[in-house]
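Below is one structure, written out as structure tokens; the observations come after it.
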Amino acid sequence: MDLSNKKNWGGSPSREDLLSGAFEARAAQFIRDANIPIKPREERLATKDRLLAELGPDEDVWVYGYGSLIWNPAFHFAERRVAKLHGFHRRFVFWSTSGRGSPDRPGMMLALEPGGCCSGVAYRIAPDAVDTELSSIFLRELMTGSYKPRWVRLTTDQGNMRALTFSANRKHVSYAGRLPLQEVARNMTDAEGGLGTCREYLFNTTEHLLELGIRDSGLETLTRMVRALRGE
């Protein structure tokens, strides 16, 4: 299924704030308050350059989103498709003690974990915009080192492609591992940080997956559990 190039659906950060450094300046305080170091911008951009060097001369650049990149991509893209990734599944496996939670009331964040499969969105970046748009993505996703960029193979109705995505760094201090859904739901119910509430992140992801015709039973169950805990 081809998807139109829609605008960002709100939320933070924006593409402009990422590229200018404004988001990083704003986020630095609440991230450091949680005692999580921020990776230097130069290091994040150098990682981008190393991965780009692995591309073939005429190979398109695709990026795979499975969480907030679906509802707030914060980069410009030329094409958007529903895509399936085999060998990984999405799961809430990171504590969020700054962006969507606090040290005394941590929330949880999504990442890709090995095993199973995961349906999300593949974005193609125009050739003349690759460096700038990937810079926005890498500055965002690698800020604290909780994600590992990697090349993966995707399947779509229009054919297969290789894409960049970001899986869990299991060695990161914020990695929580596989927790029971009940515990995840309790942690997400009232957690709030510098980027907003944890439940907003969950609800946005679930809602936009459903709009694309993607069913994720784990996220849908979590959404019902969090709403029930809040009496909604």
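Carbon-plus-sulfur accessible fraction, the chain (probe radius 1.4 Å, protein heavy atoms only): 49%. Expressed as a whole number of Å, what is the distance separating the alpha-carbon centroids of region 65-85 and region 94-171? Taking the Cα centre of region 65-85 as reference, the centre of region 94-171 is 10 Å away. Residues in region 44-159 average 36 Å² of solvent-accessible surface per residue, probe 1.4 Å, ligands and nucleic acids excluded.
Residue separation of HIS76 and GLU211 scaled by 0.36 nm, minus their Cα-Cα distance, works out to 46.5 nm of gained length. Residue ranking by accessible heavy-atom surface, 1.4 Å probe, largest first, among TRP151, TRP62 comes out as TRP151, TRP62. Across region 104-232, C-alpha contacts under 8 Å between residues 6 or more apart give a mean separation that, scaled by the residue count, equals a relative contact order of 26 percent.
Ligands, DNA and RNA aside, TYR147 has an accessible area near 40 Å² when probed at 1.4 Å.
All other residues with a Cβ under 12 Å from the Cβ of ASP17 taken together, and with Lys, Arg as +1 and Asp, Glu as -1, what is their net charge? Overall, the nearby charge balance is +1. Available extension along the chain between ALA126 and THR155 is 8.5 nm, counting 0.36 nm per residue and deducting the alpha carbon span. Based on the Kirkwood approach, the hydrodynamic radius assigned to region 116-166 is 12.4 Å, with every pair of different Cα atoms included. Estimated at the nearest 10 Å², the accessible area of GLU183 is 60 Å² with a 1.4 Å probe.
Exposed loop sites are taken as trypsin sites (Lys or Arg not before Pro) in a DSSP loop (any state but H, G, I, E or B) with at most 15 other beta carbon atoms within 10 Å; the longest stretch of the chain without one runs 8-169. The lysine pair tally for the chain, using Cα distances under 14 Å and a gap of 8 or more places or different chains, is 4. Every pair of different Cα atoms in the chain enters the Kirkwood calculation, which places the hydrodynamic radius at 17.9 Å.
The values are calculated or read from the model by the stated rules, or taken from the named source; none is laboratory data. Keep in mind that this is a model prediction, so the values were computed, not measured. Note that each Cβ is placed from the backbone with ideal geometry, even for glycine, and that neighbours are counted across all protein chains shown. Side chains are part of the model used for accessible areas, which takes the heavy atoms of the whole protein and leaves out ligands, DNA and RNA. Shrake-Rupley method; radii C 1.70, N 1.55, O 1.52, S 1.80 Å.
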